[in-house]
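Heads up: the structure comes next, in structure tokens.
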Amino acid sequence: MEGIMGEEEKVINHTTIKSLSPSKSRDCMEEEEEEDEVMSEVHLGCPPNFCGPHLSYFTFPTSLQPQQQEEEENVVQGSLNCQGIINLDEDGDLLLTRRKRNNKSSNNCQMTIQHNITSTLPSVGLQVWRAELALADFVLHGMFTSNKYDGITALELGAGTGLLGIILARVAKTVFLTDHGEDILNNCAMNVHLNSKIFENHQTSIFVRELDWIKSWPPSVGSDLLTSQERYKYLWNLSEVEEAENASLLLAADVIYSDDLTDALFNTLRILMSRGSSKVLYLALEKRYNFSLNDLDTVANGYSHFQSYLQDEEECRQLGNGSLPCFVGKGIDLTDIPQYVREYDRESNIEIWQIKYLSSVSTY
Ligand SMILES: C[S@@+](CC[C@H](N)C(=O)[O-])C[C@H]1O[C@@H](n2cnc3c(N)ncnc32)[C@H](O)[C@@H]1O
């Protein structure tokens, strides 16, 4: 797995983007087999030597806030004009101005997210990764500056803890949070439950569902004849599959780290995006550099492989039908997107891509 590296690889890796947990406790180490652990950089207020699920609080505004918020509430101060002269009334009394009440807290929303601080590679979805938070900023920006997400159906691939989809559920009609493996899906469902207050007024439906890219699209469908106890909790039914195919928005964060998985992901996307409504995918990634013995240089292998799937829309247009079907991708300028979620460092190696699947000239 490029970029998320084991201890030995870490020595030759030029980045500190991901590392083995220095805080793994002896107890954990004894309990676990000698499997490599990986760690995202998102571990808020977690005590040292912590192991297992941790609750973190992520804060984001619920609307665009004025640039300058007053820090104190109800502070009374003397009124100076811009030349620094004290303002007095007709009787020579000092004019006092009462600062506006600080509404900062009421404009903020706090999410509780259960996540692990470290995990083995197959369980990276138990952690929160920075690309998810950057994509949350992107979606929040869209929510604050337009109504394009209002009432939509959206699907997140590799949703992990579900943080992004839960934010989107404030305005969307239906959100599918998809991933694979029961532990990750259970954790995601737990986070939906913990944060139901965030979207309860919006009557949004959130479905946590299994979507394994290796098995591609469509996912297996559960028989309606089974009782709810007999059915696997995260199995789709036919109408959900149909609804997901009519989603207009797809999201995916930090899903580019293994070439095999990238192939499986794009194979799933190719089928999902060619069915039902036309869709746009926003994919956030961390561009990870590793030292390659083959190249004797630091290279972003996973990233190059990802890019090999994308064509430039303009070039595609010029080539016409001969180049279709294909994925076209466009990088988003993240300097235009304010950081709304406070609890992470948005590093310059984070990118967001807008990706469409063009199957005919009419989809241009
Ligand atoms: C690095 S984590 C990112 C999780 C989350 N999006 C975030 O950024 O916090 C990669 C995600 O891809 C999921 N994933 C890996 N292989 C998958 C597969 N074959 N099918 C579906 N999801 C997969 C993992 O379970 C995990 O949730």
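Structure above, values below:
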read-out	value
Computed lengthening from TYR309 to SER360, 0.36 nm per intervening residue step minus Cα-Cα distance	16.6 nm
Proximal charge balance of GLU132 [Cβ under 11 Å; K/R count +1, D/E count -1]	-3
Nearest-0.05 FRET efficiency for ASP295 and CYS46, computed from C-beta distance (R0 30 Å)	0.25
Segment 124-363: Cα Rg divided by the 2.2 N^0.38 Å rule of thumb	1.02
Average Cα contact separation per residue, segment 124-363, under 8 Å, 6 or more apart, as relative contact order %	20
Estimated dipole of segment 124-363 in Debye, rounded to 20 [Cβ of Lys and Arg +1, of Asp and Glu -1, Cα centre]	580
Signed unit charges on C-beta, dipole axis of segment 246-364, positive-most listed residue TRP353, GLY322, GLY276	GLY276
Label-point gap, in nm, between THR62 and LEU319 - each point 7 angstrom along Cα→Cβ	4.8
Amide H contacts of SER248 (H built 1.01 Å from N, under 5 Å, at least 5 apart or other chain)	THR153
Ascending count of other beta-carbon atoms within 10 Å, so fewest first, for SER239, SER292	SER239, SER292
Distance (nanometres) between label positions extended 7 Å along Cα→Cβ at HIS202 and ILE214	3.4
Label zone at LEU55 (point 7 Å along Cα-to-Cβ), backbone N below 17 Å, segment 166-210	187-198
Gain upon complete extension [SER146, ILE271; 0.36 nm per residue less C-alpha separation]	42.1 nm
For segment 165-225 versus segment 110-125, the gap between their alpha-carbon centres in whole angstrom	16
Phi to ³J(HN,Hα) by Karplus 6.51 cos²θ - 1.76 cosθ + 1.60 over segment 156-163, Hz, x for Gly, Pro	9, 9, x, 6, x, 6, x, 3
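Computed from the coordinates by the stated procedures, all read-outs in this text should not be read as laboratory data. Every value quoted in this text rests on a predicted model; they were computed, and no experiment measured them. Neighbour counts are summed over all protein chains in view; Cβ atoms, including those assigned to glycine, are modelled from backbone coordinates with ideal geometry.
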